[in-house]
Amino acid sequence: MKGAKTYEQLQEQLDEYILSHNMRPSKVRNMVLKAACQLQQPFTADELAEKCAEERISVGTVYNVLNLLILAQILHAIQRQRGKAATTYELVRESDANMIVVCPKCGRESEFTEPSIIRLVHERRYSNFVAKYFTLVVYGECRVCRRKKRPNDRAIYLENNEDDSNT
Ligand SMILES: [Zn+2]
């Protein structure tokens with residue numbers, strides 16, 4: 001994955017967050033983070049819970065740590081497909097901009113870079129916020145799904161033509 005941080009870097013980031021929020025370090029959190037690093041990105045909460053079950057970590061704990069990792073800006077959530085259970089999680093990358101185009105029908109996706117958008121986001125002023133990183137998800141219909149539609153169109157066309165020849 002482009003610009004991915006190492007587990008050690010993320011571990012350090014988590015330690016810093018925990019220290020600055022007066023929380024106690026815990027082995028379980030580190031184990032969940034490690035599992036998140038080992039999974040193919042992006043992953044769902046269920047996939048992470050499944051991976052953590054191997055280490056006997058409960059689903060409830062996984063969800064709690066998941067939220068903490070988002071607050072610590074280690075993970076970010078992306079809504080990839082509209083509708084049911086479609087939130088996926090991904091490690092925040094070294095690069096400050098993630099831009100993807102997603103086909104909500106089949107889930108195919110592709111990364112892209114647009115320097116003018118990156119500039120726009122960072123030059124803009126946000127009241128009470130300083131922009132750090134962002135994710136842009138563009139939803140579109142992929143080539144495969146577009147092709148799948150075509151045979152039906154042709155069938156309708158042929159049907160209409162047959163009607164024409166009968167008259
Ligand atoms: Zn598609």
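Any read-out appearing in this document is the output of simple, stated calculations on the displayed coordinates, not a laboratory observation. All figures in this text were calculated on a predicted structure; none of them were measured in a lab. Backbone-built Cβ (ideal geometry, glycine too); neighbour counts: all protein chains shown.
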**Fill in**
Kirkwood calc, the range 1-93, C-alpha pairs only, radius in angstrom 13.4
**Gain upon complete extension [Ser58, Met23; 0.36 nm per residue less C-alpha separation]** = 10.6 nm
**Prompt:** What FRET efficiency do you get for Ile78 and Ser127 if R0 is 35 Å and r is their Cβ-Cβ distance, rounded to the nearest 0.05?
**Reply:** 0.90
**Potential lengthening between Phe134 and Gln9 on full extension [0.36 nm per residue; Cα-Cα distance subtracted]** = 43.1 nm
